[in-house]
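Worksheet: one structure, shown below.
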Amino acid sequence: MTRIVPSQPYSGQKPGTSGLRKKVKVFQQPGYAENFIQSVFDVVERAPGSTLVLGGDGRYHNRTVIQQAIRMAAANGYGKVLVGKGGILSTPAASNVIRKHGASGGLILSASHNPGGPDEDFGIKYNIANGGPAPEGVTEAIHARTQTIDRWLTVDAPDVDLDTLGTTQIGALAVEVIDPVADYAQLMESLFDFSAIRAHVQSGFSMAFDAMSAVTGPYAIEILENRLGFARGTVRNGIPLEDFGGHHPDPNMVHAHELFETMFAPDAPDFGAASDGDGDRNLIVGRGRFITPSDSLAMLAANAHLAPGYAGGLKGIARSMPTSAAADRVAEALDLPCFETPTGWKFFGNLLDSGMATICGEESAGTGSDHVREKDGLWAVLLWLNILAVRGISVDALARDHWARFGRNYYARHDYEALPTEKADALMAQLKESLSSLSGKVFGTLEIAEADNFSYRDPVDGSTSSNQGVRVMFRGGSRVVFRLSGTGTEGATLRVYLERYEPVGGDLDRETPEMLADLIAAADAIAGITHHTGRTAPDVVT
Ligand code: G1P
Ligand code: ZN
């Protein structure tokens with residue numbers, strides 16, 4: 001009953017770090033999603049009769065592509081599809097289902113923190129058998145296949161009822177609709193001390209969690225309210241909506257400002273958190289105290305042994321290059337290996353698989369561990385809760401204690417969005433040309449120690465990734481990093497990462513903007529941001 005549908009290669013852009021991400025209207029073109037899915041099925045490693053995991057963040061067009069993918073999986077020799085009820089699976093939950101059920105891989109439908117709806121974004125990415133994003137070799141092969149593809153395979157079968165748990169047979173393919181939360185919640189219970197957190201909650205510890213009308217709602221309600229006993233209503237915006245209520249499901253000061261207002265109000269709860277569209281990012285904010293993602297990584301690493309899943313200590317810590325060096329200081333103190341990888345979660349895969357690192361993080365609000373192969377928003381929230389319950393201190397007190405011990409990396413990221421591509425490229429080109437002349441240059445109290453174009457050699461497979469962003473290092477541990485986003489959908493986005501290190505005994509209790517003022521001026525002088533782009537201020541500061 002397989003039907004062969006002729007198709008044409010498309011001139012789609014190269015899939016970025018997170019798979020294929022386009023406007024919904026693009027995905028709605030006949031054969032567009034199918035071409036990409038068929039290209040995946042044509043190139044990825046799998047035995048006949050393999051299992052495919054399927055789910056998404058519930059955004060507009062999710063159910064349509066799920067039905068297309070189920071029919072195509074039937075025509076392409078898969079034996080089983082595991083699909084989350086309602087088409088829902090958060091990215092970390094999908095990673096867990098792939099690993100736990102021995103699937104050959106999974107298709108995750110999401111455009112992460114980008115807005116959803118008929119005029120907004122959609123995305124498809126493929127994760128391999130270890131549960132992690134497809135490595136570069138695989139994404140390159142998929143992309144190459146999209147350039148030559150001339151047919152896709154499907155079957156004629158009615159839509160599967162995605163809203164009822166159970167198995168439907170389509171020819172030789174068994175389609176099982178699974179509870180998207182169950183396996184994930186069980187994994188979290190195995191890592192964290194739920195009874196300690198429950199006791200803390202009973203003693204009055206309170207929280208606000210903003211699910212941003214995206215995928216984490218059902219997970220957060222089950223885990224935080226049902227299992228840990230937080231009051232009903234602790235989870236806000238807990239129902240996944242196709243358009244995320246018209247918001248960007250991006251957990252930062254801009255898009256989660258309501259949570260910030262709650263946490264900085266006089267009657268703030270003890271702990272605030274949020275997650276993004278597909279549940280892999282996190283925001284941590286205590287009463288009156290925002291924790292930068294870079295600091296969160298360092299603080300979690302320093303305290304992880306307080307959670308049962310990490311009681312034996314960490315094997316190593318990994319961070320993406322633009323993430324602040326706060327985690328490095330923890331690694332040094334704990335005598336652990338520390339890795340600096342290019343931007344993108346896929347670079348952590350080999351380190352996690354080979355047991356070289358246990359905890360990883362990115363400045364873009366991604367934190368995770370070897371429990372799955374994706375960053376994991378709720379995992380970070382639960383590890384924070386576990387640590388706070390055991391130590392019995394506030395977020396603010398924990399942060400101050402951490403800085404007093406390790407020093408503080410004041411940090412901010414400035415994004416210049418929707419720049420004309422040629423202007424952004426010119427800025428980066430000129431910056432790279434100037435690298436060798438930068439060291440020794442002085443900007444106020446700052447002196448450049450060295451500057452380079454970051455390149456990474458994977459210690460496990462030896463592969464090299466070059467041209468990953470420009471690092472300008474100042475004496476004393478401060479830094480500015482410049483790179484162009486690989487995930488934007490409109491023009492180019494320049495990201496400028498600013499980091500000022502204050503050692504133990506230094507100025508640990510100041511406001512970030514004043515501490516970064518010199519670096520911001522230096523960044524403009526070094527890269528000519530205003531000169532090249534005409535912009536005098538960033539669009540987004542996180
Ligand atoms: C952004 C983040 C990066 C993250 C990626 C996927 O990529 O900066 O840390 O891994 O999204 O979520 P960028 O747009 O900077 O290339
Ligand atoms: Zn995401």
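Can you name the number of the only condition in (1) farther than 20 Å from Ile170 by Cβ; (2) open to solvent by less than 20 Å² (accessible area, probe 1.4 Å); (3) in contact with a Phe, Trp or Tyr (Cβ under 7 Å, 6 or more places away or on another chain) that Val26 fails? Failing condition for Val26: (2).
Restricting attention to the range 477-504, the residues being at pLDDT below 95, open to solvent by 60 Å² or more (accessible area, probe 1.4 Å) and more than 16 Å from ligand 2 (Cβ to nearest atom) number 1. Residues that are touching a residue at least 24 places away in the same chain (Cβ under 8 Å) and either of a type in the set (Asp, Glu) or touching an Asp or Glu at 6+ places or on another chain (Cβ under 8 Å) (or both) were ranked within the range 511-542; the one that is surrounded by the fewest Cβ atoms within 10 Å (Cβ to Cβ) is Asp539. Within the range 306-348, being polar (S, T, N, Q) and open to solvent by 20 Å² or more (accessible area, probe 1.4 Å) holds for one residue alone: Thr343. No other residue among Glu450, Glu433, Glu490 is outside any loop (DSSP other than H, G, I, E, B) and either within 26 Å of Phe347 (Cβ to Cβ) or touching a Ser or Thr at 6+ places or on another chain (Cβ under 7 Å) (or both) apart from Glu450.
Among the candidates Gly462, Gly476, the residue that is more than 24 Å from the chain's Cα centre (by Cα), part of a loop (DSSP other than H, G, I, E, B) and free of Cβ contacts under 8 Å to residues at least 24 places away in the same chain is uniquely Gly462. Taking the range 217-244, which residues are assigned to a helix (DSSP H, G or I) and either touching a helix residue (DSSP H, G or I) at 6+ places or on another chain (Cβ under 6 Å) or under 21 Å from Gly288 (Cβ atoms) (or both)? Scanning the range 217-244 gives Tyr219, Glu222, Ile223.
The residue that is nearest to Asp280 (Cα to Cα), among those in the range 110-150 that are over 20 Å from the mean Cα position of the chain (by Cα) and surrounded by 15 or more Cβ atoms within 10 Å (Cβ to Cβ), is Gly117.
Among the residues of the range 94-108, some residue qualifies, meaning at least one is surrounded by 23 or more Cβ atoms within 10 Å (Cβ to Cβ), assigned to a strand (DSSP E or B) and within 15 Å of ligand 1 (Cβ to nearest atom). The condition (being under 24 Å from Val504 (Cβ atoms) and open to solvent by less than 50 Å² (accessible area, probe 1.4 Å)) is satisfied by just one residue among Ala399, Ala418: Ala399.
From the list Ser439, Ser465, Ser455, Ser485, which one is away from ligand 1 (no atom under 16 Å from the Cβ), within 22 Å of Ala325 (Cα to Cα) and in contact with a Ser or Thr (Cβ under 7 Å, 6 or more places away or on another chain)?
Ser455
Against the criterion of being within 16 Å of ligand 2 (Cβ to nearest atom), open to solvent by 30 Å² or more (accessible area, probe 1.4 Å) and either among the charged types (D, E, K, R) or within 28 Å of Leu336 (Cα to Cα) (or both), Arg281 qualifies.
The values are calculated or read from the model by the stated rules, or taken from the named source; none is laboratory data. In this text the structure is predicted, and so the values were computed from the model without any measurement. We place every Cβ from the backbone using ideal geometry, glycine too, and count neighbours over all the protein chains shown. Heads up: the accessible areas ignore ligands, DNA and RNA and are worked out on the full protein's heavy atoms, side chains in. Shrake-Rupley method; radii C 1.70, N 1.55, O 1.52, S 1.80 Å.
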